[in-house]
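Enquirer: The structure is given below, and queries will be raised subsequently.
The values are calculated or read from the model by the stated rules, or taken from the named source; none is laboratory data. Quick caveat: nothing in here was measured; it's all calculated off a predicted structure. Neighbour counts run over all protein chains shown; Cβ positions are idealised from the backbone, glycine included. These accessible areas exclude ligands, DNA and RNA; they are computed on the full protein's heavy atoms, side chains included. Shrake-Rupley method; radii C 1.70, N 1.55, O 1.52, S 1.80 Å.
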Amino acid sequence: MPFVKTNGIRLSYQRSGRGEPVLLIMGSGAAGHVWTMHQTPALHRAGYETIVFDNRGIAPSDVPPGNYALADMVADTTGLIEALGLGPCRIIGTSMGAMIAQELAIGRPDLVRSMVLMATRARSDATRKALLTAERTLRDSGIRLPANYQAARTVLEMLSPATLNDEAAVSGWLDIFELTDNGNTADGQAAVDTMGDRREALRRITVPCRAIAFTDDLICPPHLVAEVADAIPDCDYEEIPDCGHLGNLERPEKVNAAIIEFLDKY
């Protein structure tokens, strides 16, 4: 994969397809190539070029020591867009990637044409704050839980009951999460602070947006995604059933249809 030097680090990226560019920003702890399972093929068929990349903390992009701030991730993405001459471009983000996109649209609207925000939020409610605090306490303790335990916990947090109750499907997911357990590779990303309240700042966004919620999402539940849609002046809202935080992987056909329908309009 080629690299871009930006904000003092190297980011690995991949461009593919033909057409107007769409930048896809991945969430915490995951590689950019996850988008290539379902989203980039659908976007190519719809006539778009796609750019996926690995955020700092995910090899082969640089993995700087220490904790990262959301501002670091936004500056990285800004530099990538500028270095590749993409702006203003369409942006798709999920989870932390959607929060990066939100901040980019607030601070550099000249680089954003429109954006799709999946599994996002503008603040953490009491439940999400408790989850984040517990995760940080565990990480700071230095304790490393066994990969099979991490896998079992991850499927419960990330997937819908529809998948959890399908024995063949959940067995495959358990294998994937256990095999891809990345140890402490993304610890810097895990420290990104998402506990603030950005609802007022989101009112400054001027580009067209679509917020997509997943009905069974425990990390960014629909009521928090709806707050994002309410705060951004030109943002519509869609909710996709029978999927959790990884809705773009659990229900890719419905997610892809919602993405492409919006991008074709804007």
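Enquirer: Taking Cα pairs under 8 Å and at least six residues apart, what relative contact order does the chain come out at, in percent?
Expert: Computed over the chain, the figure is 20 percent.
Enquirer: If you put +1 on each Lys and Arg Cβ and -1 on each Asp and Glu Cβ, how big is the dipole of the stretch 99-250 around its Cα centre, in Debye rounded to 20?
Expert: With Lys and Arg at +1 and Asp and Glu at -1, about 660 debye.
Enquirer: Per-residue ellipticity at 222 nm for the chain, helices alone: DSSP H runs ≥ 4 residues times -39500 (n - 2.57), over residue total, nearest 500 deg cm²/dmol?
Expert: Computed ellipticity for the chain at 222 nm equals -12500 deg cm²/dmol.
Enquirer: So what is the accessible area of the stretch 140-266 per residue, in Å², with the probe set to 1.4 Å?
Expert: Accessible surface, normalised per residue, equals 49 Å².
Enquirer: If you average the C-alpha positions of the stretch 188-265 and of the stretch 122-141 separately, how far apart do those two centres end up, in angstrom?
Expert: With the stretch 188-265 and the stretch 122-141 each reduced to a Cα centre, they are spaced 20 Å.
Enquirer: For the chain, what does the alpha-carbon gyration tensor say about shape, rounded, prolate or oblate, given a ≥ b ≥ c as the root eigenvalues, a/c under 1.5 as rounded, and a/b over b/c as prolate?
Expert: rounded
Enquirer: Return the carbon/sulfur percentage of the accessible area of the chain, one whole number, probe 1.4 Å, all protein chains in place.
Expert: Here it works out to 53 percent.
Enquirer: Using the Cα centre of the stretch 123-200 as the reference point, and only Cβ charges (+1 on K/R, -1 on D/E), how large is the resulting charge dipole? Debye, rounded to the nearest 20.
Expert: 320
Enquirer: Ok, one more. Return the long-range amide H neighbours of Ile92 (sequence gap of 5 or more, or a different chain), with a cut-off of under 5 Å between placed amide H atoms.
Expert: Leu23, Leu24, Ile25, Val116
Enquirer: Please list Glu250, Glu200, Glu261 from largest to smallest accessible area, probe radius 1.4 Å, with all protein chains kept in place.
Expert: Glu200, Glu261, Glu250
Enquirer: Then there is this: In the chain, what percentage of the DSSP-assigned beta bridges are antiparallel, given to the nearest 5?
Expert: 25
Enquirer: Could you sort 215-228, 132-145 so that the peptide with the highest average Cβ count within 10 Å comes first and the rest follow in order?
Expert: For the peptides 215-228, 132-145, the packing ranking is 215-228, 132-145.
Enquirer: Compute, for Tyr237, the solvent-accessible surface of its heavy atoms (probe 1.4 Å) with the complete set of protein chains present, and express it in square angstrom to the nearest 10.
Expert: Taking all protein chains as shown, Tyr237 has close to 80 Å².
Enquirer: Tell me which of Gly17, Met73, Val52 sits at the most positive position along the dipole axis of the stretch 16-85, charges placed on C-beta atoms (Lys, Arg +1; Asp, Glu -1).
Expert: Toward the positive end, the furthest listed residue is Gly17.
Enquirer: Oh, and also: About its Cα centre, how strong a charge dipole does the chain have in debye, to the nearest 20, once Lys and Arg get +1 and Asp and Glu get -1 at the Cβ?
Expert: That gives a dipole near 680 debye.
Enquirer: If you don't mind, another one. Strictly under 4.7 angstrom between C-beta atoms: which cysteines of the chain have no such partner?
Expert: Lacking a cysteine Cβ partner under 4.7 Å: Cys89, Cys220, Cys243.
Enquirer: Same structure again: How large is ³J(HN,Hα) for each residue in the stretch 200-212, as worked out from phi by the Karplus curve 6.51 cos²θ - 1.76 cosθ + 1.60 (θ = phi - 60°), to whole Hz, x for Gly and Pro?
Expert: 3J(HN,Hα) across the stretch 200-212, in whole Hz: 5, 5, 5, 5, 8, 6, 10, 9, x, 9, 10, 9, 10.
Enquirer: Which residue, Pro146, Thr133, Val116, has the largest displacement toward the positive end of the dipole of the stretch 104-215 when charges sit on each Cβ (Lys, Arg +1; Asp, Glu -1)?
Expert: Val116
Enquirer: What accessible area per residue comes out for the stretch 1-83, rounded to a whole number of Å², with a 1.4 Å probe?
Expert: 41
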